[in-house]
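Step one of this worksheet: look at the structure below.
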C-alpha cells in the first residue's frame, strides 16, 4: 500500500514533537520545530507562485535550515534541486536551463542573476516566526516530483534525473526495513545534498522518528581520526559511506585500535567494496553490522543490498546483494534474453523506484549462490571516489575550452587523466582554470596531458587501453615541481602502490594502499629521511597533500 513518506514524517512530529530531528554545529531542531518551519517554507513558496509539479532550486550548506527548506519545498508539492554553494558557473547555467525552476532559495542572489528566476533568501523562505494556519499542507499526488539531481552524462552534458514521491516513498520504507531504523537511532549525514545518497541518509531517518546529524566538513576533507571522534561524540549508530572511504577508515581502526562503540550499522556503497577490507571488518568480533549497497540514481538510490558475513564473501569479490522489497532484478544479454545463473550479463532493474518500466544499468553482473555479483561496465563509465563519471562530459568540457582536435578522459590507476590531441602548444594551467568553470570538483581530471597523436585501433578508432598504457608509462609526475620532500614522498607512494603517478589530492588507500603498505611507507621515510611519523599519521592524513603538509610540520617542529 502506498504510504507517502512526508505524511509519515509529519506524523512522527505529532507523536514526538520534542525529539531531536536535525542536529548541526549551530543548532538542534526537534520534530515539532521541523514541522512548523517546513510548513512556513511551504506557505512562503506557494505565496511566491510555486505549485504542484514545479522545481525549486535550493542552494545552501548541509545544515538544519537547508534540510527544513527541502522538506518545505516538497510540502508545497514541488521537487527540490539541491545545488552546492561551489557549483561551477557553466554547470549551474546548464542546470538552470534544464530544470527550468519556478524559484530559487539561496542567500547568494548574485549567483543567479540573469536567469530570470525569482530568488528568496532562507530567512524569507522561513517567513514569520508564527506557524501558518493549521489547514493541512497541500496534497501532492504520488506522481509529484520529490527531487531532481544531475549526474555525469553519456552525451557530454550533465544528465538530469527526476525522482517522484512514489519512488522515494517506496525507497523510504524499504530502507527503514533493511537498515532496521528506529526512533533511537542517531544517523550520520555526510553526503553532498546534490547527491542522491543524502536523500537516503535524511528522509528514512526522519520517517523513523530518528535524528540526523550533519558532519561539519565534506567527508573527503575529514581525516579518519576526526571522523571517528565525531561518531563517538554524537553517539552515531548508523553511517553510510563510499566504499573507498570505508576501506581507509577500516584500516585506520585496525591500526589505531579505536573502537566503534555505539555504531550498530555501517553501509558501504557508491563504489566496489574492496574484498580485503570487508574480510577484515567482519573478522573483528566487535565491529558492527556491515551492508554492501548497490543502486542507480535512475532507480532511486539503493536497489540491492548484502549483509556482509564471512560465509557470503567470494574468492575475489563481495556480492552486491539481493533486491530490496519490491525491486525486480534481471540479468540479460544484448538482446534482452534472460541469462542462466552464473553467466555474466547486463543488470536490468524494475519496480516502484523506476518511473518507466525497466532501467538499464549498464552494469555487468551474474547471479549465483543467491546473490548478484558485479563484474564491471558495458561502457567506459568509471567511479572516482564514489562519483559516477561519464568520460564524455569531461571530454566535451576539454574540447570546449581548448579547441583541440580531440579529447579523451581516461581512468589510470584510480585517478582521472584528461588527454588532449593537438599539434599546437596548449597552456595546461589555463585549461584547468577554464575547466573549473564547467565541471564540479569531482569531475576535474587530476592531470591534463597534451599529445600530438592518440594510439588507434586497426579500424581507426582511438585505442583506449593503449592510451591508458601510454599514460601509465609516460604521464609526468605531479611532484616534479615540488621540493625534495614531496619528490621523496611521490617516489615512495609509486613504489608501494599500484599507481604510476600521484597528485596532491590522491588518497593512499583509494589508490590501493593497505595497512602493510602504510607500515612500509613509514619505515622507508624513517630510513631515507629520518622522519618518524608513525602509521597512524598515514591513516589520519591519507591524501598526498595532507600527508606532505603534516610531515613538513613535524620537520619544522624538530628543527625549532
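Report the residue count in the stretch 337-362 for those that are free of Cβ contacts under 8 Å to residues at least 40 places away in the same chain and in contact with a strand residue (DSSP E or B) (Cβ under 8 Å, 6 or more places away or on another chain). Reasoning before the result, please.
In the first step, residues of the stretch 337-362 are kept if they are free of Cβ contacts under 8 Å to residues at least 40 places away in the same chain; the result is 337-348, 350, 356-358, 360, 362.
When the remaining residues are screened for being in contact with a strand residue (DSSP E or B) (Cβ under 8 Å, 6 or more places away or on another chain), the result is 338-339, 341-348, 350, 357-358, 360, 362.
Matching residues across the stretch 337-362 total 15.
Do we find a residue being within 20 Å of residue 541 (Cα to Cα), at pLDDT below 90 and assigned to a helix (DSSP H, G or I) anywhere in the stretch 232-242?
The answer is no, given that none of the residues of the stretch 232-242 is within 20 Å of residue 541 (Cα to Cα), at pLDDT below 90 and assigned to a helix (DSSP H, G or I).
Provide a single number: the residues in the stretch 51-61 that are touching a helix residue (DSSP H, G or I) at 6+ places or on another chain (Cβ under 8 Å) and either at pLDDT below 95 or closer than 14 Å to residue 85 by Cα (or both).
Of the residues in that region, 4 qualify.
Would a scan of the stretch 98-111 turn up a residue that is closer than 27 Å to residue 182 by Cα and either surrounded by fewer than 15 Cβ atoms within 10 Å (Cβ to Cβ) or at pLDDT 95 or above (or both)?
Scanning the stretch 98-111, I find no residue that is closer than 27 Å to residue 182 by Cα and either surrounded by fewer than 15 Cβ atoms within 10 Å (Cβ to Cβ) or at pLDDT 95 or above (or both), so the answer is no.
Please work out if residue 498 is closer than 30 Å to residue 407 by Cα and either in the same structural domain as residue 395 (by TED's automatic domain parsing) or modelled with pLDDT of 80 or more (or both).
Spelling it out, it is not the case that residue 498 is closer than 30 Å to residue 407 by Cα and either in the same structural domain as residue 395 (by TED's automatic domain parsing) or modelled with pLDDT of 80 or more (or both).
Quick one: in the stretch 392-428, which of the residues that are in contact with a strand residue (DSSP E or B) (Cβ under 9 Å, 6 or more places away or on another chain), at pLDDT 80 or above and assigned to a helix (DSSP H, G or I) is surrounded by the most Cβ atoms within 10 Å (Cβ to Cβ)?
Among those that are in contact with a strand residue (DSSP E or B) (Cβ under 9 Å, 6 or more places away or on another chain), at pLDDT 80 or above and assigned to a helix (DSSP H, G or I), it is 397.
Yes/no matrix, rows are residues, columns are (1) touching a residue at least 40 places away in the same chain (Cβ under 8 Å); (2) surrounded by 24 or more Cβ atoms within 10 Å (Cβ to Cβ); (3) in contact with a strand residue (DSSP E or B) (Cβ under 7 Å, 6 or more places away or on another chain); (4) within 21 Å of residue 236 (Cβ to Cβ):
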{"position": "29", "(1), (2), (3), (4)": "no, no, yes, yes"}
{"position": "41", "(1), (2), (3), (4)": "yes, yes, no, no"}
{"position": "53", "(1), (2), (3), (4)": "yes, no, yes, no"}
{"position": "57", "(1), (2), (3), (4)": "yes, yes, yes, no"}
{"position": "74", "(1), (2), (3), (4)": "yes, yes, yes, no"}
{"position": "78", "(1), (2), (3), (4)": "yes, yes, yes, no"}
{"position": "82", "(1), (2), (3), (4)": "yes, yes, yes, no"}
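Within the stretch 1-97, which strands (runs of 3 or more DSSP E) (wholly inside it) include 2 or more residues that are under 25 Å from residue 197 (Cβ atoms) and over 26 Å from the mean Cα position of the chain (by Cα)?
none
The values are calculated or read from the model by the stated rules, or taken from the named source; none is laboratory data. Note that this is a predicted model, so its numbers are computed, not measured. All Cβ positions, even for glycine, are placed from backbone atoms using ideal geometry, and neighbour counts span all protein chains on display.
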